[in-house]
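J.: Structure incoming, see below.
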Amino acid sequence: MGIPVKLQVFEGPLDLLLYLIDKNKIDIYDIPIVEITNQYMEYIRAMQEDDLDVMSEFLLMAATLLDIKCRMLLPKEVNEEGEEEDPRQELVEQLLQYKMYKFMAYELKDREIDGQKVMYKSPTIPKEVLEYAPPVNLDELLADLNLRKLNQIYKEVMRRQDDKLDPVRSKFGTIEKEEVTLTDKLTYVEEYAGIHRRFNFRKLLETQHSKLHIVVTFLAILELMKIGKIQIEQESTFGEIMITSMVE
């Protein structure tokens with residue numbers, strides 16, 4: 001005789017086992033595995049389910065129950081501590097854990113339902129009330145004010161201003177942007193080459209005012225060499241670089 005319930009009532013094989021345990025008023029720590037297995041197998045045989053994934057879960061649990069049933073008929077195994085092992089222990093732990101999560105799900109569901117009953121209303125305080133500020137009584141506010149307190153307030157304000165200053169950056173002056181263009185430097189190097197005709201590259205760089213000028217001067221040298229207005233020579237590796245003007 002099949003169990004008069006439908007599959008959709010249960011969320012999985014553990015859910016079905018808990019139902020059978022509750023229905024038969026069984027102690028979960030002492031499950032009569034033969035009786036529960038028989039009832040479970042009756043339910044499996046009565047199932048009409050096309051979903052193989054769902055069927056496989058229930059069949060796997062059926063195989064587990066049959067395995068436990070067979071082990072219950074054999075002499076009990078003894079662990080390393082000399083204690084007899086209960087073949088149902090692992091299944092009991094799974095059921096207890098599932099039952100705990102199930103109760104937690106019910107609790108969260110109840111809280112969700114209770115939360116839907118809570119109504120919230122945005123504040124509707126008149127603008128005049130929000131903007132209201134109680135009047136200040138200057139006589140009362142300045143009643144005990146004297147020069148000593150004014151001096152303390154002044155020192156406190158100045159100390160806060162000093163704390164805001166960066167002790168490192170505040171020592172620097174204003175950093176001004178240095179304007180130098182490649183066009184200007186091309187004109188400069190070309191005029192320099194026209195005057196000196198043949199000159200030392202390092203000495204040319206030594207006349208520059210900053211790293212930015214050195215970089216742009218180097219770019220100008222490359223550009224003038226590319227268009228054939230100067231020629232660069234170096235007699236040996238790491239030797240002096242000499243520049244010769246090719247413009248007559």
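The values are calculated or read from the model by the stated rules, or taken from the named source; none is laboratory data. Here the structure is a predicted model, which means the values were calculated and not measured. Backbone-built Cβ (ideal geometry, glycine too); neighbour counts: all protein chains shown.
J.: Name the pairs whose Cβ atoms lie under 9 Å apart, with the first residue in segment 222-240 and more than 16 Å from T187 (Cβ to Cβ), the second of a type in the set (D, E, K, R), and 6 or more positions between them or separate chains?
T.: Filtered contacts from segment 222-240: Q234/E240; E240/R202.
J.: When you check P75 against the structure, is it assigned to a loop (DSSP other than H, G, I, E, B), touching a helix residue (DSSP H, G or I) at 6+ places or on another chain (Cβ under 6 Å) and modelled with pLDDT of 75 or more, yes or no?
T.: On the way: assigned to a loop (DSSP other than H, G, I, E, B): yes; touching a helix residue (DSSP H, G or I) at 6+ places or on another chain (Cβ under 6 Å): no; modelled with pLDDT of 75 or more: yes.
The answer is no for P75.
J.: Sticking with this one: Pairs under 8 Å by beta carbon, first residue among the hydroxyl-bearing types (S, T, Y) in segment 95-115, partner surrounded by 11 or more Cβ atoms within 10 Å (Cβ to Cβ), six or more apart or different chains?
T.: Y98/L14; Y98/D15; Y98/L18
J.: Out of L212, L219, report the one residue that is at pLDDT 85 or above and either more than 55 Å from the chain's Cα centre (by Cα) or within 19 Å of E179 (Cβ to Cβ) (or both). Talk me through it step by step, then tell me what you get.
T.: Values: L212 fails: at pLDDT 85 or above.
On inspection, the qualifying residue turns out to be L219.
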